[in-house]
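The values are calculated or read from the model by the stated rules, or taken from the named source; none is laboratory data. Nothing here was measured: the structure is a model prediction, and the numbers come from that model. Neighbour counts are summed over all protein chains in view; Cβ atoms, including those assigned to glycine, are modelled from backbone coordinates with ideal geometry.
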Amino acid sequence: MHIRKGDTVKVLAGNDKGKEGTVLELFLEKQRAIVEGINMVTKHEKPSAGKPEGGIKKTEAAIHVSNLMLVNPADGKTTRTGRKLNDKGKLQRYSKKTGEFIK
C-alpha cells in the first residue's frame, strides 16, 4: 500500500476534495483508510449506563485509498510513491517526484 499510518495525505475525490489530514487507521483487506477530519459522518448514540448523555456525534468514516495521495514530508507537495532498495538492502518507499526516500 502506498500510504501508512501517520502519513499526511491529500484527498483527490469526493466531498472533501483538496483537504489534507493524517492517516489514523488502515484497513488493508478493504483498502480503506480513516483520515483525521475527512469524510465526517453523524452517528446517533443511544444513552447507556456507560454513556448516559447519548446524543449525536460526528466521527470519521473510512475512505478508499485510491482517493488519497501522499504528501511528501520534505517539500509538502503530493507525490506518487515507489519502492526500491536502500543502502542497507531493505525495501523502502521513495518519492517518484524527487527520488528521495520517505521516512
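Residues checked against (1) in contact with a Gly (Cβ under 6 Å, 6 or more places away or on another chain); (2) over 16 Å from residue 1 (Cα atoms):
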position: 28; (1), (2): no, no
position: 48; (1), (2): no, yes
position: 60; (1), (2): no, yes
position: 83; (1), (2): no, no
position: 87; (1), (2): no, yes
position: 90; (1), (2): no, yes
position: 94; (1), (2): yes, no
position: 103; (1), (2): no, no
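Against the criterion of being within 11 Å of the chain's Cα centre (by Cα), outside any loop (DSSP other than H, G, I, E, B), under 22 Å from residue 77 (Cα atoms) and among the hydrophobic types (A, V, I, L, M, F, W, C), residue 38 does not qualify.
With the structure loaded, tell me whether residue 72 is touching a strand residue (DSSP E or B) at 6+ places or on another chain (Cβ under 6 Å), in contact (Cβ under 8 Å) with a residue 12 or more places away in the chain and not hydrophobic (A, V, I, L, M, F, W, C) or whether it fails that test. Against the criterion (touching a strand residue (DSSP E or B) at 6+ places or on another chain (Cβ under 6 Å), in contact (Cβ under 8 Å) with a residue 12 or more places away in the chain and not hydrophobic (A, V, I, L, M, F, W, C)), residue 72 qualifies.
Look at residue 25 and say whether it is out of contact with any Phe, Trp or Tyr (no Cβ under 8 Å at 6 or more places or on another chain) and in a loop (DSSP other than H, G, I, E, B). No: the conditions fail for residue 25.
Output yes when any residue across segment 52-62 is outside any strand (DSSP E or B), out of contact with any Lys or Arg (no Cβ under 8 Å at 6 or more places or on another chain) and at pLDDT below 95, and no when none is. Yes, because at least one residue in segment 52-62 is outside any strand (DSSP E or B), out of contact with any Lys or Arg (no Cβ under 8 Å at 6 or more places or on another chain) and at pLDDT below 95. Which of the numbered conditions does residue 66 fail, given that it passes all the others? Conditions: (1) exposed (fewer than 11 other Cβ atoms within 10 Å of the Cβ); (2) in contact (Cβ under 8 Å) with a residue 24 or more places away in the chain; (3) among the hydroxyl-bearing types (Ser, Thr, Tyr). Of everything listed in (1) exposed (fewer than 11 other Cβ atoms within 10 Å of the Cβ); (2) in contact (Cβ under 8 Å) with a residue 24 or more places away in the chain; (3) among the hydroxyl-bearing types (Ser, Thr, Tyr), residue 66 misses just condition (1).
Among the residues of this structure, residue 10 counts as one that is on the phi < 0 side of the Ramachandran plot, in contact (Cβ under 8 Å) with a residue 24 or more places away in the chain and assigned to a strand (DSSP E or B). Taking residue 45, is it charged (D, E, K, R), loosely packed, with under 13 Cβ neighbours inside 10 Å and under 16 Å from the mean Cα position of the chain (by Cα)? So residue 45 does not fit the description; no.
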